[in-house]
1. Checking residue 183 against (1) out of contact with any helix residue (DSSP H, G or I) (no Cβ under 9 Å at 6 or more places or on another chain); (2) surrounded by 15 or more Cβ atoms within 10 Å (Cβ to Cβ), which test does it fail?
2. Scan the stretch 9-28 for residues that are farther than 25 Å from residue 119 by Cβ and outside any loop (DSSP other than H, G, I, E, B) and report the count.
3. Within the bounds of the stretch 120-134, is there any residue that is buried (at least 18 other Cβ atoms within 10 Å of the Cβ), assigned to a helix (DSSP H, G or I) and on the phi < 0 side of the Ramachandran plot?
4. For the condition more than 27 Å from residue 42 (Cα to Cα), surrounded by 15 or more Cβ atoms within 10 Å (Cβ to Cβ) and either at pLDDT 85 or above or out of contact with any strand residue (DSSP E or B) (no Cβ under 6 Å at 6 or more places or on another chain) (or both), what is the one hit in 219, 235, 203?
5. Looking at 111, 8 in this structure, which one is at pLDDT 85 or above, within 21 Å of residue 238 (Cβ to Cβ) and more than 19 Å from the chain's Cα centre (by Cα)?
6. Does residue 154 satisfy being under 30 Å from residue 72 (Cα atoms), in contact (Cβ under 8 Å) with a residue 12 or more places away in the chain and touching a strand residue (DSSP E or B) at 6+ places or on another chain (Cβ under 6 Å)?
7. Does the stretch 99-118 hold any residues that are farther than 21 Å from residue 32 by Cα and assigned to a loop (DSSP other than H, G, I, E, B), and which are they?
8. Limited to the stretch 57-98, what total is found for residues that are touching a residue at least 24 places away in the same chain (Cβ under 8 Å), exposed (fewer than 10 other Cβ atoms within 10 Å of the Cβ) and either touching a helix residue (DSSP H, G or I) at 6+ places or on another chain (Cβ under 6 Å) or not in a strand (DSSP E or B) (or both)?
């Protein structure tokens, strides 16, 4: 991890896939909706898959840009296994139950990681690259080291924001996402609130005619890490907002 006065060197990984889905963990029967963006626990799984082992949850921070072409649904079959009746002579029996599964078409994830050691892992991942479920095979398009710049102006789009942004932003959907799932055998899940932001919102833009901007308190100053290689909008680059999978104050289930 390297940080300068106004720059932060990170690993930038671009991953794409034909389809993916990030299933809501509490929906099992009838329909399986998908989050519009990967939860932090999914990103942790990507990193662990590339490394071939489970790293400490505070070993890296991540930020991302995630987008897809469209959302659709597909009919799948669940095989429900139950104990068989004594009359059947079998120990278990299975019934087939159709259900709808939502999926995202042509997703692309641009992932920023502040631990430079992960560059080598994503250039030669230990396990198959997937984006979402185990059957959602993906491709690593590029891996490079870049320098993020700290700027007083930025725009936010197609990203995940901490819930702490909610008082100053009226856009995006508040969701409860799995942040980290502990290793077996307990596999305890830790949840936290986030903001899924698809719209463009500007920060540090002093323009009364721009309704899509962060509303900061009087005199409040803010700076954000931006990717200088992203296209400019209103003279600023896209922000990279970092998250950690470390367990702090969270809702547990």
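1. Among (1) out of contact with any helix residue (DSSP H, G or I) (no Cβ under 9 Å at 6 or more places or on another chain); (2) surrounded by 15 or more Cβ atoms within 10 Å (Cβ to Cβ), the lone unmet condition for residue 183 is (2).
2. The qualifying residues number 2.
3. Taking every residue of the stretch 120-134 in turn, at least one turns out to be buried (at least 18 other Cβ atoms within 10 Å of the Cβ), assigned to a helix (DSSP H, G or I) and on the phi < 0 side of the Ramachandran plot.
4. 203
5. 8
6. In short, no.
7. The answer is 114, 115, 116, 117.
8. Residues in the stretch 57-98 being touching a residue at least 24 places away in the same chain (Cβ under 8 Å), exposed (fewer than 10 other Cβ atoms within 10 Å of the Cβ) and either touching a helix residue (DSSP H, G or I) at 6+ places or on another chain (Cβ under 6 Å) or not in a strand (DSSP E or B) (or both): 0 in total.
The values are calculated or read from the model by the stated rules, or taken from the named source; none is laboratory data. What you see is a predicted model, and the numbers here were worked out from it, not measured in a lab. No Cβ is skipped: glycine too gets one built from the backbone with ideal geometry, and neighbour counts run over all protein chains shown.
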